[in-house]
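Only the coordinates and a few stated rules stand behind these numbers; no lab work does. Here the structure is a predicted model, which means the values were calculated and not measured. In this analysis, Cβ positions are derived from the backbone assuming ideal geometry, glycine residues included, and neighbour counts consider all displayed protein chains.
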Amino acid sequence: MAEPMRGVRYVTFDCYGTLVDWLGGVARFARGLLARKGRADVDATEFVREWERVQRRLIEPPYRPYGEILEESLAKTLAARGIAASADEARAFSASMGTWTPFPEVPAALRRAAGILPCVLVSNTDRAILEKTLPLLDAPIHRAISAEESRHYKPARGAFEHALRALGARPGECLHVSAYEEYDLEPARDLGMRTAYVRRPGLPPEPGGPVDRVLDDLAALPRVLMEITR
């Protein structure tokens, strides 16, 4: 039987990768770009894996805007394969992130969840990118906190500490929902936040560490929230 959760006041979410199909968005952009450059031989899945490793290194302190990181990460990942990226192509990649779509069940599930507890985004992006994504989520979001606001990129604890201060909440009053162990669940758990792991394509089917709940997708979340707020 799942352990009870008492006193949860907010649900915080990783946005890109958990709510929005982040890996799919990168892959679609990469396939189109590689095809235009006559390099359809490059495997898009492997390209995305390498891109993620590159951008992970680039989010280390000191803070700089995520738009810049997106542009540099694309250029570096292409350069490793002997492919040049123009400044316009790098900017197009950065601009595309705000158009990446949520997983199919997300809008309806978020609307139901928001009717139970306030829903908050804690995202490794710039505010401008989040503002483009919010209408696509099509659900009430209590607050969207960007790395531009906190000046910290997850998995830095500062990103979560800022969110807690902004909400006026103690760690145990927040349930953090994510598909990512390293970026989200581990630092949130270390701070004392409740955690829920969402299974997503291309990621491990089970979390690497202890979590309060494991969800097949976001559609399962409203039922969990109903249980813990009775």
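A few points about this structure:
- Other residues with beta-carbon under 10 Å from the beta-carbon of residue 167 carry, at +1 per Lys or Arg and -1 per Asp or Glu, a net charge of +3.
- Within the chain, helix-based [θ] at 222 nm, where runs of 4 or more DSSP H residues each add -39,500 (n - 2.57), nearest 500: -13500 deg cm²/dmol
- Intensity falloff of region 189-230 expressed as log10 I(q)/I(0), Debye formula with alpha-carbon point scatterers, at q = 0.17 Å⁻¹: -0.51
- If the chain linking residue 53 and residue 199 were pulled fully straight, counting 0.36 nm for each residue of separation and taking away their Cα-Cα distance, it would gain 50.5 nm.
- Around the amide H of residue 144, modelled in the peptide plane, lie the amide H atoms of 121, all under 5 Å away and 5 or more residues distant in sequence or on another chain.
- Taking every alpha-carbon pair under 8 Å whose residues sit at least 6 apart, the chain reaches a relative contact order of 25 percent.
- Ordering 44, 207, 192 by the projection of their Cα atoms onto the charge dipole of the chain, which places +1 on the Cβ of Lys and Arg and -1 on the Cβ of Asp and Glu, puts 192 at the extreme positive end.
- For Rg and Dmax of the Cα atoms in Å, calculated from these coordinates, the label among (i) 17.6, 57; (ii) 20.6, 60; (iii) 17.1, 53: (i)
- Aspartates and glutamates whose Cα lies under 13 Å from that of residue 37, excluding same-chain neighbours fewer than 8 positions away: 89
- Each of 167, 136, 178 was placed along the dipole of the chain (beta-carbon charges, centred on the mean Cα), and the one lying farthest toward the positive end is 167.
- Largest first, the three principal axis extents of the alpha carbons in region 22-98 are 36, 23, 22 Å in whole numbers.
- Cut-off 11 Å between beta-carbons: net charge of the residues surrounding residue 24, Lys and Arg +1, Asp and Glu -1: +2
- Averaged over residues, the count of other Cβ atoms within 10 Å places the peptides 64-71, 31-38, 12-19 in the sequence 12-19, 64-71, 31-38, highest first.
- Across region 209-214, rounded Karplus estimates of 3J(HN,Hα) from the backbone phi angles (6.51 cos²θ - 1.76 cosθ + 1.60, θ = phi - 60°) give x, x, 9, 7, 8, 10 Hz, Gly and Pro being marked x.
- Simple label model, 7 Å out from Cα along Cβ direction - residue 116 to residue 88, nm: 4.9 nm
- Mean separation of Cα contacts under 8 Å (6+ apart) over length of region 22-98, as relative contact order %: 27 percent
- The stretch between residue 143 and residue 41 holds 32.5 nm of extra length on full extension. This uses 0.36 nm per residue minus the Cα-Cα distance.
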